[in-house]
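One structure is given here, and the rest of the page talks about it.
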Amino acid sequence: MNLPGRSKGFMGSIMVVDLSAQTIETQPVSLKVYRTFLSGMGLAAHVLYHRIPEDADPLGPDNMLGFVSGLLTGTGSLFTGRWMVTGKSPLTGGWGEANCGGHFSPAIKRCGVDGIFFTGMSPKPVYLYVDDTTAQLRDAGSTWGMDTVETETFLSARYPGARVACIGPAGERLSLMAGVSTDQGRMAARSGLGAVMGAKRLKAVVLAGNKRIHVHNKEAMKHISRICNKWVQFQPPFLPGFLTAPVGTLLRIMPWAFTQDGLLYKILLRKWGTVSMNQISVEMGDSPVQNWKGSNRNWGFFKSLSAHPDLFTRKETRKYHCYSCPLGCGGICRTSGRHPRTHKPEYETVLSFGGFVLNRDVDTIFDVNEALNRAGMDTISAGHVVAFAMECFEKKIITLQDTAGMALEWGNPEAISWLVDQMISRQGIGHILADGVAKAAGRMGKKAQRFAFHAGGQELAMHDGRNDPGFALHYSVEPAPGRHTNGAWLYYEMYRLWKKVTDAPKMPLVYAKARKYETGPDKAAMGSANSRFLNVLNGAGVCQFGAFMGIDRIRIFDWLNAATGWHMTPDDYMAAGTRIQTLKQAFNLKHGIAPRDFALKGRPAGHPPMTHGANKGRSIDIDTLMADYWEAFGWDKKTGRPTDHQIAEITDVS
Ligand code: SF4
């Protein structure tokens with residue numbers, strides 16, 4: 001069914017580029033597809049489920065790579081500049097997705113489409129150029145070999161005002177830790193999709209369209225945005241960074257927990273960005289230390305102060321905002337390292353190259369941050385690999401002979417920078433390590449496998465499931481496993497979904513902390529609500545940091561109706577979230593994934609439990625959490641398989 005009249009909120013079509021045949025086609029998308037799966041990630045799941053054959057090699061011509069924008073992007077709503085890259089992940093062999101802010105998302109829609117999908121493989125390096133009258137594959141020979149910043153600078157000079165997404169050397173060299181970069185080094189980093197782009201010899205996507213994005217009710221959009229913005233603008237004038245560590249200590253030692261209010265997180269985020277969480281997370285036991293061996297106590301992070309948020313913002317020369325964001329958590333920093341300018345490192349990067357490898361040298365964190373952004377490589381995964389290599393060196397699985405004499409000792413800043421460079425260039429031991437911990441351990445043998453921590457091949461993020469079991473559940477149970485953005489009990493509290501969604505369990509203001517570590521139907525309902533709501537956010541292109549302020553304050557469901565004119569209830573949108581989750585799970589089953597294989601194993605799940613520190617004695621009952629979660633979706637409790645009827649219902653939509 002094609003759209004009658006003008007599309008509202010969405011553009012009504014996708015662009016499909018066959019790199020083998022060098023053809024470009026615009027294809028209509030039916031209203032039914034949008035109402036069933038929204039846009040963004042949901043639209044991508046619909047397209048990729050049908051078009052990637054089950055035996056497709058992720059790095060072969062049959063894989064399809066999609067760049068999608070959100071349903072709310074460009075509609076006058078706030079926090080709606082997220083774009084997503086999707087495809088079959090070469091890391092997990094299943095559903096792959098990565099998400100990024102910046103200014104690329106509206107650029108997709110201004111080219112008149114909601115997504116651009118690439119299939120096939122180009123015989124030589126190319127980039128796609130699109131404006132209002134042209135869509136062409138052009139020779140990228142002169143940019144092949146450039147890093148992400150050089151590539152974007154070069155293409156932006158050639159096409160002033162255009163927005164660019166590109167890969168760096170990591171993607172060209174098919175590192176399975178490669179991502180896709182926009183805005184001079186902001187990364188859609190996870191799932192190894194930069195390697196898919198490299199395998200297709202697609203260096204960049206350059207978008208210069210100026211098409212209008214229509215909405216159903218412009219005045220209502222403005223009105224809702226004005227109300228939401230009031231919550232964003234509330235900010236206390238004075239907030240010293242040294243207070244963040246004691247806050248974390250307090251959260252750790254209290255026997256009860258407060259239901260977290262995301263307004264408090266917004267205040268920290270607006271002042272420092274995500275580095276505001278460094279000390280809080282380390283102190284409370286949220287941030288894993290030394291390759292998941294420990295948490296707060298066994299490192300003395302507080303004493304070293306190298307996680308202090310002011311250490312990072314002190315180097316900030318300017319703050320920046322993503323498209324349509326009134327908050328602005330990003331920053332550009334000036335450093336004394338190899339690259340004088342870099343993005344302010346994110347929390348995930350600081351902790352991956354801080355506590356996780358026992359490094360206390362802030363300059364090294366800035367240095368590897370820029371090196372990895374320029375290479376187009378995931379900082380979370382790269383930090384995991386460095387920690388894995390350091391533990392293997394400690395256990396004599398890697399020796400000085402393997403490292404040309406470089407001692408991979410914990411916390412050695414020289415060794416950290418050296419290893420990162422080796423992985424980017426795929427030289428020496430870097431060639432073994434450049435595809436992530438699972439592949440590296442597979443190449444190094446059984447002894448090394450004990451120290452490789454991942455979910456289904458994807459390195460885990462810097463949030464400890466032994467502190468918040470919601471992280472452990474979502475690392476394990478999601479079709480794209482291992483990432484912190486999928487959900488946690490903390491996120492559930494901040495979303496405040498019970499204010500609008502009928503089946504979302506209400507949280508009390510205060511509760512005994514021990515409740516967090518229990519399993520049961522309420523946890524299954526919280527986990528399923530997290531996943532369904534994130535699918536709505538990713539369908540709409542909304543930044544999670546905005547959503548953390550609560551659904552009654554950042555009124556996403558109201559924006560969606562005002563943009564589209566659909567009059568759907570919050571429960572209707574959550575049902576769309578269920579369908580997207582089911583479709584992604586069906587994608588994995590089609591590609592031979594056994595969902596249970598993504599379950600966390602070993603240290604990150606508390607097996608064996610730690611004997612000291614914030615998470616002492618905690619083991620996560622991951623099997624029960626996963627089974628209950630699947631049951632909440634009506635899927636098979638043992639296998640995670642949706643019913644045939646559920647799969648048929650969503651795969652028949654066209
Ligand atoms: S809160 Fe930060 S990441 Fe989110 S849209 Fe705003 S600037 Fe971008």
- Taking Trp410 as the residue in question, decide whether it is outside the structural domain of Pro604 (by TED's automatic domain parsing), surrounded by fewer than 23 Cβ atoms within 10 Å (Cβ to Cβ) and under 19 Å from Lys293 (Cβ atoms). yes
- Which of the following residues is in contact with a Leu (Cβ under 7 Å, 6 or more places away or on another chain) and either over 30 Å from Gln279 (Cβ atoms) or assigned to a helix (DSSP H, G or I) (or both): Pro642, Pro604? Pro604
- Query: With Arg360, Arg374 as the choices, which residue is among the charged types (D, E, K, R), in a loop (DSSP other than H, G, I, E, B) and under 26 Å from the mean Cα position of the chain (by Cα)?
  - Reply: Arg360
- How many of the residues in segment 500-542 are aromatic (Phe, Trp, Tyr) and under 19 Å from Trp635 (Cβ atoms)? 1
- Query: Out of Glu370, Glu391, Glu346, Glu316, which single residue is buried (at least 21 other Cβ atoms within 10 Å of the Cβ) and either without any contact (Cβ under 8 Å) to a residue 24 or more places away in the chain or within 16 Å of the ligand (Cβ to nearest atom) (or both)?
  - Reply: Glu346
- Note on the structure: If we take segment 71-160, then strands (runs of 3 or more DSSP E) inside it with 3 or more residues that are within 16 Å of the ligand (Cβ to nearest atom) and in contact with a Lys or Arg (Cβ under 9 Å, 6 or more places away or on another chain) are 95-100
- Quick one: is Phe154 free of Cβ contacts under 8 Å to residues at least 24 places away in the same chain and either surrounded by fewer than 22 Cβ atoms within 10 Å (Cβ to Cβ) or hydrophobic (A, V, I, L, M, F, W, C) (or both)? yes
- Note on the structure: For Asp361, the lone unmet condition from (1) touching a residue at least 24 places away in the same chain (Cβ under 8 Å); (2) within 16 Å of the ligand (Cβ to nearest atom); (3) surrounded by fewer than 23 Cβ atoms within 10 Å (Cβ to Cβ) is (2)
- Find the helices (runs of 4 or more DSSP H) located wholly in segment 514-588 whose residues include 3 or more that are away from the ligand (no atom under 16 Å from the Cβ) and either in the same structural domain as Gly640 (by TED's automatic domain parsing) or surrounded by fewer than 23 Cβ atoms within 10 Å (Cβ to Cβ) (or both), and list them. 521-540, 556-564
- Of Ala178, Ala220, Ala245, the only residue that is in contact with a strand residue (DSSP E or B) (Cβ under 7 Å, 6 or more places away or on another chain), surrounded by 17 or more Cβ atoms within 10 Å (Cβ to Cβ) and not basic (Lys, Arg) is Ala178
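The values are calculated or read from the model by the stated rules, or taken from the named source; none is laboratory data. The model shown is predicted, which means the values in this text are computed figures rather than measured ones. Note that each Cβ is placed from the backbone with ideal geometry, even for glycine, and that neighbours are counted across all protein chains shown.
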